[in-house]
């Protein structure tokens, strides 16, 4: 019967009792039975002999009817230990015999009675009845049983001790050791493994369990390491090791609760790298990853230890700053921007990279009271910083939400506009101010918005640059302008030149010069018919990469012009590096001529620089006759502005070409 409440030790003891004591008891019972059976004949013979002796002792007194003799004989018979009673019966001849009965036998168990005739010379003179006490045999058997019991008890005790010791050493203790070992594994305790010296089944099982224990611990350690790695992956950015948005959300919850108790404020900075995509496109993703790692390191270095830097995604970072006011946030953002724009040498990149950053700042609980809303507010403020010129920071205010929604809507609509054919090119003439002859034109993109009407480039170019659409938009402009210029050449205007604007993102694209060369070849344009206008800011970014792009574009047979000259870092070094074919003076210097002496001096200086480097000058923003006349006094140049014509659709520009004679090339 299975008893789950018994311990192993008790079960072993019970087994010893059942297996040793009970058989020993059975042996005693069987031995007792066999002893009784073997002693019974002896007892019977003894009793027969006693009866025979009794008849012999009673023969003479019975013959002589001697009462004293009979009494003496009876007493003699009773002295036999097994006899408990004697009775003399039927004395012959019958006489008034005294009471010849002596009986002191127990009532239980009943005595054994034997009778015999008392004869004298063949004549029966009496009968004797002898009562035997059966307890005498029981006493003999009891003595034998006790001797046997003591012997068996000693054997059982010795056997039990031996068996118990053997089972304890070879079964119970090993099983308890196995139990402790399994228990330590269950409760993940690093208890020392027992030594298994025996080579029996339990010893083999113990060694296997030790091996399993070791393997399981190794597996547990491996799983813990993997769980920690998974937690690290779930809570940290794999590339930079910074906390990710999930972990920052948890840290914000704790910091926000502390801020509520203390009545302090939290600041969340949204840091976005400017033109990071161009780094990937120009130098490869490995360089971009290395740059992100460097940015992460610099962010941690220039902020407080209590500030938490998090990488959101791509080139976006978040900084959680507990117990921070506006002044401290302003100083921190300035430090970040200055630190990140310092040259960053990277392995595999020939020259150190400079990366700008735009930062938006939101405050808890002033601007938002939950994490997602605070991130959104900081994101909105960051977008506003980009709109205002990048490389700067700003604080969130509620009006920015409306501006951001408008911008995001414009981004979606612009993406659809490129595919839906809503873009147009208008062409503004570039003329010789002496005789008004059209020598070329600048292609200016317009957006025929289905709801807002015709939008100028100033309404959407910044949006296109901010969301990366400027590259596909620029590709469309390049293809459309080349096709239109080829059509005008085929119509007879062979000497006409056409200029298109190129953004910094396009110039950083290593495949851009090849696409320009392919477009020129595809449309059969002569060398120098197509002109690319580059701003000074574009030319100053990524020096070596810009030099390579400029050289490749020159090899493709296109003209190069510095657009909006004077608005950037105007210098002879810029002109010397690029060696442009044209320099276009920005309209801001022409607008107040001839009344502004300062603008006049600057324009004359620009003409002097151009003459020194043999660069043709185009003055933009010529709107009045006074502008035209004053600029003629500065030297030979071309003009572009509303005095001559606004930017016109292709058909209107073609009609304008018919009204003005073109110089013969």
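At a glance:
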| quantity | calculated |
| --- | --- |
| Some residue of the range 649-663 being surrounded by 15 or more Cβ atoms within 10 Å (Cβ to Cβ), out of contact with any strand residue (DSSP E or B) (no Cβ under 9 Å at 6 or more places or on another chain) and farther than 28 Å from residue 457 by Cα | no |
| From 374, 346, residue being at negative phi, surrounded by 18 or more Cβ atoms within 10 Å (Cβ to Cβ), in contact with a strand residue (DSSP E or B) (Cβ under 8 Å, 6 or more places away or on another chain) and modelled with pLDDT of 90 or more | 374 |
| The one condition in (1) in contact with a helix residue (DSSP H, G or I) (Cβ under 9 Å, 6 or more places away or on another chain); (2) crowded, with 21+ Cβ neighbours inside 10 Å; (3) closer than 22 Å to residue 501 by Cβ that residue 623 fails to fulfil | (2) |
| Some residue of the range 486-505 being within 41 Å of the chain's Cα centre (by Cα), at pLDDT below 85 and not in a helix (DSSP H, G or I) | no |
| Test: residue in the range 267-274 that is more than 27 Å from the chain's Cα centre (by Cα) and modelled with pLDDT under 90 | yes |
| Residue within the range 449-470 that is surrounded by 23 or more Cβ atoms within 10 Å (Cβ to Cβ), outside any loop (DSSP other than H, G, I, E, B) and touching a strand residue (DSSP E or B) at 6+ places or on another chain (Cβ under 8 Å) present | no |
| Selected residue [assigned by TED's automatic domain parsing to the domain that holds residue 128 and either touching a helix residue (DSSP H, G or I) at 6+ places or on another chain (Cβ under 7 Å) or modelled with pLDDT of 85 or more (or both)] from 47, 36 | 36 |
| Matching residues in the range 306-330 - criterion: being within 23 Å of residue 238 (Cα to Cα) and exposed (fewer than 15 other Cβ atoms within 10 Å of the Cβ) | 306, 313, 314 |
| Residue check for residue 363: touching a residue at least 24 places away in the same chain (Cβ under 8 Å), within 30 Å of residue 641 (Cα to Cα) and assigned to a strand (DSSP E or B) | no |
| Unique match (being modelled with pLDDT of 85 or more and farther than 23 Å from residue 45 by Cβ) among 93, 68 | 68 |
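Conditions tested, residue by residue: (1) touching a helix residue (DSSP H, G or I) at 6+ places or on another chain (Cβ under 8 Å); (2) part of a loop (DSSP other than H, G, I, E, B); (3) at pLDDT 75 or above.
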{"site": "87", "(1), (2), (3)": "no, no, yes"}
{"site": "109", "(1), (2), (3)": "yes, yes, no"}
{"site": "118", "(1), (2), (3)": "yes, no, yes"}
{"site": "129", "(1), (2), (3)": "no, no, yes"}
{"site": "144", "(1), (2), (3)": "yes, no, no"}
{"site": "148", "(1), (2), (3)": "yes, no, no"}
{"site": "167", "(1), (2), (3)": "yes, no, no"}
{"site": "171", "(1), (2), (3)": "yes, no, no"}
{"site": "182", "(1), (2), (3)": "yes, no, no"}
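The values are calculated or read from the model by the stated rules, or taken from the named source; none is laboratory data. Just so we're clear, the structure is a prediction, and the values are computed from it rather than from any experiment. Glycine gets a Cβ as well: all are built from the backbone with ideal geometry, and neighbour counts include every protein chain shown.
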